[in-house]
Amino acid sequence: MTLALDTATVSAPGATVTVGSGDAERITALARRIAPVADGRVDDRAYVAAARDAWCDLPAGLRRALRDFRRDSGPAGTLLVRGLPVGEPDLPPTPGAGGSVQRTATVPAAVLLMVAAGLGDPAAFRPEKTGALVQDVVPVPGKEDFQGNAGSVLLSFHTENAFHPHRPDFVMLLCLRADHERVAGLRTGCVRRTLPLLSERSRAALWSEEFVTAPPPSFGHSATAVPHAVLTGAVEDPDVRVDFAATRPMTDRARTALTELAELFDLTAQTVRLAPGDLAVVDNRVTVHGRTPFRPRYDGRDRWLQRSFVLTDLRRSRGLRARDGYVLD
Ligand SMILES: O=C(O)CCC(=O)C(=O)O
Ligand SMILES: [Fe+2]
């Protein structure tokens with residue numbers, strides 16, 4: 001069966017690379033090679049070290065594309081890698097429990113951690129999905145309306161962990177199984193596209209520290225909401241930091257600017273219906289992401305993505321990571 005990306009839904013595609021079947025077999029072999037390390041506990045530092053080592057043996061074309069993307073994520077701030085092995089046809093049923101994670105060595109977990117270790121280093125937040133380095137993104141019964149990855153209504157645009165000083169540099173989403181109706185789309189919007197379209201007044205507001213983004217309750221007091229700007233860095237190529245479900249304006253001009261920015265992200269959005277074997281890498285510094293709605297059936301065949309975060313400079317968060325591990329407390 002061919003599960004092709006529905007290119008008709010891509011308005012202005014970001015970079016795409018396709019892994020050939022021979023390379024996919026090599027990648028599967030690498031995943032099998034490292035599977036016994038640390039008894040297959042993917043959160044163990046020895047497993048991560050093995051994944052980092054295996055990165056060096058990934059097909060050169062894939063490594064080149066990822067390293068180029070790391071240096072310059074381009075006008076869309078996304079890279080789609082297609083044709084990766086995800087363990088089909090022996091894929092187990094889609095998990096249905098809230099907070100479910102992947103603790104054991106599988107082909108998709110190896111793919112995520114090998115790529116993470118090449119783009120930077122994998123990282124996770126202890127209060128979020130128990131700090132697992134590979135997390136399930138699945139619809140959860142009763143959570144349909146939730147503005148988070150357990151939901152199935154429209155998920156609004158957000159910078160991942162926008163409230164956090166060490167938010168991921170890259171968010172990786174690997175599709176193991178598409179939704180039944182193949183309508184769920186990963187939506188991305190890049191500030192490199194919206195910036196030239198913003199009014200002068202809104203642009204000025206977005207550069208000012210007139211916004212607060214509260215952490216989700218699970219993070220407790222470990223992150224406090226201090227006023228921040230939505231745009232920072234280089235005037236011609238800023239970073240963006242916003243979560244349209246959580247970022248609150250503190251002034252009238254900030255409110256107007258947020259509305260304008262949301263409209264422009266909608267206008268310039270690109271939507272990709274991920275197929276099994278598709279890995280979307282989102283540059284979380286310049287690109288926000290969300291998801292179109294879909295209808296879960298909770299029958300074990302629902303949409304199933306696995307997610308890992310990447311920090312390009314792990315050292316910067318050392319104060320939050322016990323024993324120089326990969327989990328931020
Ligand atoms: O379901 C998706 O496609 C994206 C979910 C999401 O925002 C995330 O897992 O960070
Ligand atoms: Fe997200």
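The values are calculated or read from the model by the stated rules, or taken from the named source; none is laboratory data. This structure is a prediction, so every number in the text was calculated from the model and none was measured. Reconstructed Cβ throughout: ideal geometry from the backbone, glycine too, with neighbour counts over all protein chains shown. Just the protein is used for accessible areas: all its heavy atoms, side chains included, with ligands, DNA and RNA removed. Shrake-Rupley method; radii C 1.70, N 1.55, O 1.52, S 1.80 Å.
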About the Cα centre, and with charges only on the beta carbon of Lys, Arg (+1) and Asp, Glu (-1), how big is the dipole of the stretch 45-177? Nearest 20 debye, please. 280
Before I look further, what does the stretch 144-210 give for accessible area per residue, probe 1.4 Å, in whole square angstrom? 36
Which order, highest average first, do 290-303, 103-116 follow once you tally other Cβ atoms within 10 Å for each residue and take the mean per peptide? 103-116, 290-303
Rounded to the nearest 10 degrees, the helix 252-268 long axis (Cα) sits at an angle to the longest Cα principal axis of the chain of 40
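Per residue, how much accessible area does the stretch 1-135 show when a 1.4 Å probe rolls over the protein heavy atoms, in square angstrom?
Numbers: 6110 Å² over 135 residues.
Here the residues of the stretch 1-135 average 45 Å² of exposed surface.
Given an 8 Å cut-off on Cα distances and at least 6 residues of separation, report the relative contact order of the stretch 84-224 as a percent. Let's see the in-between values first.
Values: 113 pairs, mean separation 28.2, N = 141.
Worked out over the stretch 84-224, it gives 20 percent.
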Short version: ³J(HN,Hα) in whole Hz for each residue of the stretch 68-77, in order, from phi by Karplus 6.51 cos²θ - 1.76 cosθ + 1.60 (θ = phi - 60°), x for Gly and Pro, what are they? 5, 5, 4, 6, 8, 7, x, x, 9, x
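Rounded to the nearest 20 debye, what is the charge dipole size of the chain about its Cα centre when +1 sits on each Lys and Arg Cβ and -1 on each Asp and Glu Cβ? Show your work: numbers first, answer last.
On the way: 41 positive and 39 negative charges, 80 e Å.
Here the chain has a charge dipole of around 380 debye.
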Note down the magnitude of the dipole of the stretch 169-213 about its Cα centre, charges +1 on Lys and Arg C-beta and -1 on Asp and Glu C-beta and zero elsewhere, to the nearest 20 debye. 240
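Roughly to the nearest percent, how much of the accessible area of the stretch 266-329 is carbon and sulfur, given a 1.4 Å probe?
It is 45 percent, rounded to a whole number.
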Given a cut-off of under 8 Å on Cα pairs at least six residues apart, what relative contact order in percent is computed for the chain? 29
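Please list MET250, MET172 in order of solvent-accessible area, largest first, computed with a 1.4 Å probe with all protein chains present.
Details: MET250 105, MET172 0 Å².
Ranked from most to least accessible, the order is MET250, MET172.
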Using alpha carbon centroids, what distance separates the stretch 276-295 and the stretch 67-82, in Å? 13
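Using a probe of 1.4 angstrom, how much of the accessible area of the stretch 102-212 is carbon and sulfur, in percent? Walk me through the intermediate numbers first.
Values: 1860 of 3460 Å².
Looking at the stretch 102-212 in its full context, I get 54 percent from C and S.
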At the level of C-alpha centres, the distance separating the stretch 14-46 and the stretch 158-232, in angstrom, is 29
